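Scroll down for the structure; my scribbles are underneath it.
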Amino acid sequence: MKKESILYSVTPFDPYGHKVLVRLTLRNPEPSGQSFSLPAWIPGSYLIRDFSRQIETIQASSRGKPVGIRKTSNHTWQCDPCESTLELEYTVYAWDLSVRGAHVDETHAFLNGTSIFLCPAGREQEACHVDICPPPHARNWKVYTSLAEAAGHPRGARRHGFGMYAAPNYDALIDHPIEMGTPQVLRFKAHGAEHEMVFTGVAPNLDLKRIAADVQKICAAQIALFEPQTKQAPFLDSASRYVFMTMVTGDGYGGLEHRASTALMASRRDLPVIGQDKTGEGYQTFLGLVSHEYFHTWNVKRIKPAVFAPYDLSRENHTRLLWVFEGFTSYYDDLMLLRSGVIGESDYLRLLAKTIGSVQRASGRFKQSVAESSFDAWTRYYKQDENSPNALVSYYTKGALVALGLDITIRHASAGRHSLDDVMRLMWERYGRDFYNGAGAGIDEDAMAGLIHEATGVDVRDFIERHAYGREDVPLERLLPLQGISISWRPVSDNPTLDMRLRNSHGETQIATVYEGGAAHRGGLSAGDVLVAVDGLKVGDSAGFDRLLAAYQPGDTVIVHVFRRDELRAFDLVLNAPLASECVLEPASAVGKHS
Ligand code: ZN
């Protein structure tokens, strides 16, 4: 049979040294000298990460003879001219416990293609094979991935087995991460489509049945939202199943979306254990994350900004539309928990109130619009520091409020006939449904108002101009009552405040952020200062600091001692009244205000 023209073989080895060995066999290399590159970033996480720095050794050969290879840029290697099949052999250091990199130890291996698959220049559109090999130390390991088993290949892998897998092109190859090990696994079908969820890491008594039942409802509701007639799952264009790969740790949180899978980090305490029935806030956080990443299967993995179609993996790809791709997704993640029935209305309003509160607390929203924040994701949102709350707005949280504002505006202006759902469906039909079947086009940067008008008949140009491209707050005090929801604000604490955020670090209480214009800012305190005493009394941890302030009234002056660098400094500070920054949402009927 015809030999594979691009073949990777991947073997985790040296579990204590966290290594992956990759052999790349390339037939018909560029005779004048083939070059190879690794992506500078991983789609979905908008930061240049230079994955190539984890390649420790690399050598090239052809017919058993060495071929010269050298680096020509941060991410690129160039081979000497070579006429026949070229083989690269390289080792990758894999000890990044995140959803974005590669992680290998004696218990499992998690591999993102962006960390391990060098791309032969000019061969991006060619199909390739991947031979996934068991590490020498593995006992009973299985393979979990949405990558397709190489059907018909003599060494084609069986489901969950080691052996040959296949991808239609490089873009697909790096969009199906691979987990291997002995995880806990659950399976369910949503509208007939197979889903599997694997949990790596120690998680005793995990209530898999309960998680399966809840996640099934969320997936089914999302499939029905986008495809109300056919109920066709979106990932069937790329894979036979959807895989949730969850790494369980003490306090992990995060996710990264792919076309037929997602990598998640979850905290052990957020996951339900057998015999525990209530849906606590932690479990809602986990389900919200699951819902968020699954929603991306449509919104950003198939419906994309034009600048992501295709991605340029060698450099930053700037778009002003992340308020749509992350913001709308953040709006729908919790909303789909409500619609699918896994949480009730009061829990939903609590989650929404938390989002509203977090947006209102940061004054950076007056300096940056969500469109600007999106454009600057690479250098600002993904590189946050102590001043970020004063300087940035989140295209996730404020983007979610823009989506909420648009949804209510559309529902009100169309007398309930239309909603943001119609906008999602139009974007899906026009851009998403056939994205991997040859359409491949994305949404132009200034197209949103036109698309919303087309889907709903409602003119939202002014709304988008003010709240997405401008810096005005979404007018929720006016909009939420139109949906029968009352909004009010109350102080987070009864104690007077210095308007700063603290963190406990190594037994000390440090100032994490000084809010611009607040009491600490006016009095001279800075981020990084270590709190020592208030009016001569030892601070202790951050809770101790709050207890000390409880003895005072707003307007009182206190002397605060801090260490800045290693110098003891004293500042006179005038305490503020606590801000009413905690948002409270209730059904209007509950507070007697029918509208
Ligand atoms: Zn997201």
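Any read-out appearing in this document is the output of simple, stated calculations on the displayed coordinates, not a laboratory observation. These figures come from a predicted structure and were not determined experimentally. Neighbour counts run over all protein chains shown; Cβ positions are idealised from the backbone, glycine included.
What to note about this one:
- Considering only 300, 61, 584, the residue lying farthest towards the positive end of the dipole of the chain is 61, judged by Cα position with unit charges set on Cβ.
- The charge dipole of the chain, taken about its Cα centre with unit charges on the Cβ atoms of Lys, Arg (+1), Asp and Glu (-1) only, comes to about 1100 debye.
- Extension gain for the segment residue 589 to residue 461, taken as residue separation times 0.36 nm less the Cα-Cα distance, is 42.9 nm to one decimal.
- Percent antiparallel among DSSP beta bridges (both partners in the stretch 233-289, rounded to 5): 35
- Packing-based order for 40-52, 317-329, using average beta carbon neighbours within 10 Å, highest first: 317-329, 40-52
- For residue 161, the residues whose modelled amide H falls within less than 5 Å of its own, excluding neighbours fewer than 5 places apart on the same chain, are 143.
- Placed amide H near residue 443: partners under 5 Å, 5+ positions off or other chain: 304, 306
- Listed values for the stretch 271-276 are Karplus-derived 3J(HN,Hα) couplings in whole Hz (6.51 cos²θ - 1.76 cosθ + 1.60, θ = phi - 60°), namely 9, x, 10, 4, x, 10, and x replaces Gly and Pro.
- The Cα-based radius of gyration and maximum Cα-Cα distance (Dmax) for the stretch 497-595 are 16.5, 59 Å.
- Distance histogram for the stretch 1-106 (every C-alpha pair counted, 5 angstrom bins, percent rounded to whole numbers): 2, 11, 20, 21, 18, 14, 8, 3, 0
- Electrostatic dipole magnitude of the stretch 279-407 [Cβ: Lys, Arg +1; Asp, Glu -1; Cα centre; debye, to 20]: 260
- Expressed to the nearest 5 percent, the antiparallel share of DSSP beta bridges inside the chain is 80 percent.
- Pairwise centroid distance, computed over Cα atoms, of the stretch 236-255 with the stretch 516-580, Å: 43
- For the chain, the longest principal axis of the C-alpha atoms and the axis of helix 208-226 are separated by about 90°.
- Nitroxide proxy distance, nm - points 7 Å out along Cα→Cβ at residue 445 and residue 412: 3.1
- Treating each Cα of the stretch 183-297 as an identical point scatterer and summing with the Debye formula, the log10 of I(q)/I(0) at q = 0.16, 0.22 Å⁻¹ comes to -0.69, -1.27.
- Using a simple spin-label model with pseudo-atoms 7 Å out from Cα toward Cβ, residue 61 and residue 106 lie 3.1 nm apart.
- A straight Cα-to-Cα reach below 20 Å connects residue 65 with the aspartates and glutamates 30, 80, 83, 87, 89, residues fewer than 8 places away in its own chain not being considered.
- Centroid-to-centroid, using Cα positions, the stretch 337-367 and the stretch 49-81 are 48 Å apart.
- FRET E, pair residue 71, residue 316, Förster distance 30 Å, beta-carbon r, rounded to 0.05: 0.90
- Rg over Rh [alpha-carbon atoms, Kirkwood Rh] for the stretch 57-198: 0.99
- Whole-number percent relative contact order across the chain, with pairs defined as alpha carbons under 8 Å at least 6 apart: 9
- Extension reserve of the residue 472-residue 347 stretch, reckoned as 0.36 nm per residue once the Cα distance is removed: 42.2 nm
- Alpha-carbon Rg/Rh ratio, for the chain, with Rh computed the Kirkwood way: 1.00
- Between residue 277 and residue 194, the simple spin-label model (points 7 angstrom out along Cα→Cβ) gives 3.4 nm.
- Cα-based helix-to-principal-axis angle, 345-361 vs the chain, degrees rounded to 10: 80
- Burial ordering of 502, 97, fewest other beta-carbon atoms within 10 Å first: 97, 502
- Rounded FRET efficiency, nearest 0.05, which uses the C-beta distance separating residue 556 from residue 187 and R0 of 45 Å: 0.15
- Along each principal axis, Cα extent of the stretch 134-240, largest first, Å: 46, 39, 21
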